[in-house]
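Notes to accompany the following structure.
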Amino acid sequence: MNLYLAIILTALFGEFVLRSAARYLNLNSLDKMLPSEFSGFYDEEKYSQSQEYTKAKAKFAYFSSSFDVVLIAAFIVLGGFNLVDQFVWGLELNPIFTGLAFFGLLYFAQDIISIPFVLYHNFVIEERFGFNKMTAKIFVLDKVKSYGLVIILGSILLGGILFFFEIAGTYAWLYAWAFVSFFIIAAQPLFTTVIAPLFNKFTPLDEGDLKSGIQHYADKVGFALKEICVMDGSKRSAHSNAYFSGFLKKRIALFDTLMDKHSVEEMVAIIAHEVGHYKRRHVLKGMILSIIHTGILLFLLSLFVENRGLFDAFRMESVSVYAGLVFFSILYSPIELVLSIVMNAISRKHEYEADAFAAETTGSAEPLILALKHLSVANLGNLTPHAFTVFLNYSHPPVLQRIAALRH
């Protein structure tokens, strides 16, 4: 067997087994006894419902991940990538547009295949537990908008990478790195000003105790807010959240589903946590790590992009930069898994730091603790995840660990 094919199939099925084991352990760690910390917040029926929600998502993940791994393995072994490549070559476009056609066909085929799974998740599982608010019309409109963004932004980003690898020779990865780094830096303002408003309506927070409380807190910690907005998240889901965006012009967006579930003190504590991410430079650190990661990835790509053995693993008749980019990303997946575990560990550390900042600057940990409890109940969060699942998948620490850290 081709060495690269052996590595790729081992990685695909190895990660599948690893994540399946994590789900199994996670389901076995569900404890029917409500943790004392949540006494008075969960009643027996609601707590049982939260565990059923965890089980339903895990069973669905078993099925969908099994389907995915079998599909991609079969597509590789049966030469599916070569069939797509032969088709796009038949269009007689230049190398860059041929590459974009190759990427586009793979992306849209994969996305269309995934639609039944997305529909089941939203309209069956989320609906069953009272979270889904999305209509068929919104789903279709979201798809159309997403496809438009993928075509425009994907063509610019991938077209730029292909352009440099086609013309720049040995240092192509370096030029491509600079180009992609610009995209990483521009992503947040682009999301705030262009992408997010395509999907949601943002309205200024009304005058009142909440706005005054948030503004008073922001002034106290020297956080220059440009605006505080309410986002109509309820038109898709009953899940609640808040996020901060911007470097120079800072903006806080609150999901409307968040507004009626928390007191003003709790809301200010949630905002304080988000401000903590900014004050502790977590956003900047994440951006720097993304840029470094991209540079390493592109350098390694330059070593493999036209490796004949790698193309043989995918049953390819011809070698091309665009296909090499796809194949290397699959070959690179074991390293990506390790890096994701490291990045999740860093993210969990940042969450503790942001929690500590919020407790320190608001003068008490209790409002944030109450907010975390109410968020967990409202979102039917799993209170007792297995340690291996946390290690493998969690970007946030389990809520009981966050509360324990805040109490100390």
To make sure I understand the rule: partners must be aspartates and glutamates, Cα under 19 Å from the Cα of residue 143, and not fewer than 8 residues away in the same chain. Which ones qualify? 111, 126, 232
Return the percentage of antiparallel bridges among DSSP beta bridges fully within the chain, rounded to the nearest 5 %. 55
Rolling a 1.4 Å sphere over the protein heavy atoms, what is the accessible area per residue of the range 99-151, to the nearest Å²? 54
Alpha-carbon centroid distance for the pair the range 309-355 / the range 31-103, whole angstrom: 16
Per residue, how much accessible area does the range 350-408 show when a 1.4 Å probe rolls over the protein heavy atoms, in square angstrom? 40
Treating the beta-carbon of each Lys and Arg as +1 and of each Asp and Glu as -1, no other charges, what is the dipole magnitude of the chain about its Cα centre, to the nearest 20 debye? 180
Of the GluC sites (Glu not before Pro) in the range 251-325, which ones lie in a loop per DSSP and count no more than 14 other C-beta atoms within 10 Å? 306, 317
Within the range 1-104, DSSP-loop GluC sites (Glu not before Pro) with at most 12 other C-beta atoms within 10 Å are 92
Over the range 187-292, give the accessible area per residue in Å² for a 1.4 Å probe, as an integer. 48
Full extension from residue 183 to residue 113: what is 0.36 nm times the residue separation minus their Cα-Cα distance, to one decimal in nm? 22.3 nm
Between residue 221 and residue 195, how many nm apart are label points set 7 Å from Cα along the C-beta direction? 2.5
Suppose we flag trypsin sites (Lys or Arg not before Pro) only when DSSP calls them loop and at most 13 other Cβ atoms lie within 10 Å. Which is the longest uninterrupted stretch of the chain? 33-200
Cut-off 20 Å, label 7 Å out along Cα→Cβ of residue 13, residues of the range 316-334 by amide N: 330-334
So, with a 1.4 angstrom probe, what is the percent of accessible area on the range 53-211 that is carbon and sulfur? 73
Taking the convex hull of the alpha-carbon atoms of the chain and averaging its shadow over every direction gives an area in square nanometres of 20.8
Among 154, 237, 212, flag the residue with its Cα farthest along the positive direction of the charge dipole of the chain, charges on Cβ as +1 for Lys/Arg and -1 for Asp/Glu. 212
Here FRET efficiency (C-beta to C-beta, residue 288 to residue 340, R₀ 25 Å, nearest 0.05) is 0.90
Where a ≥ b ≥ c are the square roots of the eigenvalues of the C-alpha gyration tensor, would you call the range 113-260 rounded, which needs a/c under 1.5, or, failing that, prolate if a/b is larger than b/c, or oblate? oblate
On the accessible surface of the range 256-332, probed at 1.4 Å with all protein chains in place, carbon and sulfur together account for a percent value of 61
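The values are calculated or read from the model by the stated rules, or taken from the named source; none is laboratory data. Quick caveat, the model's predicted, so the values are computed rather than measured. When we count neighbours, we look across all protein chains shown, and the Cβ atoms used for this are built from the backbone with ideal geometry, even at glycine. Side chains included, ligands, DNA and RNA excluded: accessible areas come from the protein's heavy atoms. Shrake-Rupley method; radii C 1.70, N 1.55, O 1.52, S 1.80 Å.
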